[in-house]
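For reference, the structure is listed below as structure tokens.
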Amino acid sequence: MATKTKKRAVKKPQAAASIVWFEVPADDLDRAKKFYGSLFG
């Protein structure tokens with residue numbers, strides 16, 4: 001006896017989320033600038 005199977009709904013691809021805000025906790029601003037400047041350019 002054949003059984004009925006349900007079809008799954010096809011989901012449309014969604015756009016990736018974008019970063020809107022982030023904070024860098026730093027107690028020494030000059031040291032943080034030097035570190036992240038060398039890391040990211």
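The values are calculated or read from the model by the stated rules, or taken from the named source; none is laboratory data. None of these values were measured; they are calculated from a predicted model. For neighbour counting, all protein chains shown are included, and Cβ atoms are generated from backbone atoms with ideal geometry for every residue, glycine included. In case anyone asks, the SASA skips ligands and DNA or RNA and just uses the protein heavy atoms, side chains included. Shrake-Rupley method; radii C 1.70, N 1.55, O 1.52, S 1.80 Å.
For the chain, which whole-number percentage of the solvent-accessible area (1.4 Å probe, protein heavy atoms only) is attributable to carbon and sulfur atoms?
Here it works out to 59 percent.
Does anyone have the angle between helix 29-40 and the longest principal axis of the chain? Alpha-carbon axes, 0 to 90°, nearest 10?
In the chain, helix 29-40 runs at an angle near 50 degrees to the longest axis.
Restricting to DSSP H runs of at least four residues, report the calculated mean residue ellipticity at 222 nm for the chain, -39500 (n - 2.57) per run over all residues, nearest 500 deg cm²/dmol.
Estimated from H runs of four or more residues: -9000 deg cm²/dmol.
Over all directions, average the projected area of the Cα convex hull of the chain and note it in nm².
It is 6.8 nm².
For the chain, what does the accessible surface come to per residue with a 1.4 Å probe? Please give it in Å².
Details: 5190 Å² over 41 residues.
Per-residue value: 127 Å².
As an exercise, identify the chymotrypsin sites (Phe, Trp or Tyr not before Pro) in the stretch 9-41 lying in DSSP coil whose Cβ has no more than 15 other Cβ atoms within 10 Å.
W21, F22
What list of ³J(HN,Hα) couplings, whole Hz, do you get for the stretch 13-28 from phi and the Karplus terms 6.51, -1.76, 1.60, once you set θ to phi - 60° and write x for glycine and proline?
3J(HN,Hα) across the stretch 13-28, in whole Hz: x, 9, 5, 5, 6, 10, 7, 9, 7, 8, 10, 10, x, 8, 8, 10.
Counting only trypsin sites (Lys or Arg not before Pro) that sit in a DSSP loop (anything but H, G, I, E, B) with at most 10 other Cβ atoms within 10 Å, what is the longest stretch of the chain containing none of them?
Numbers: sites that count: K4, K6, K7, R8, K11.
Between exposed loop sites, the widest span is 12-41.
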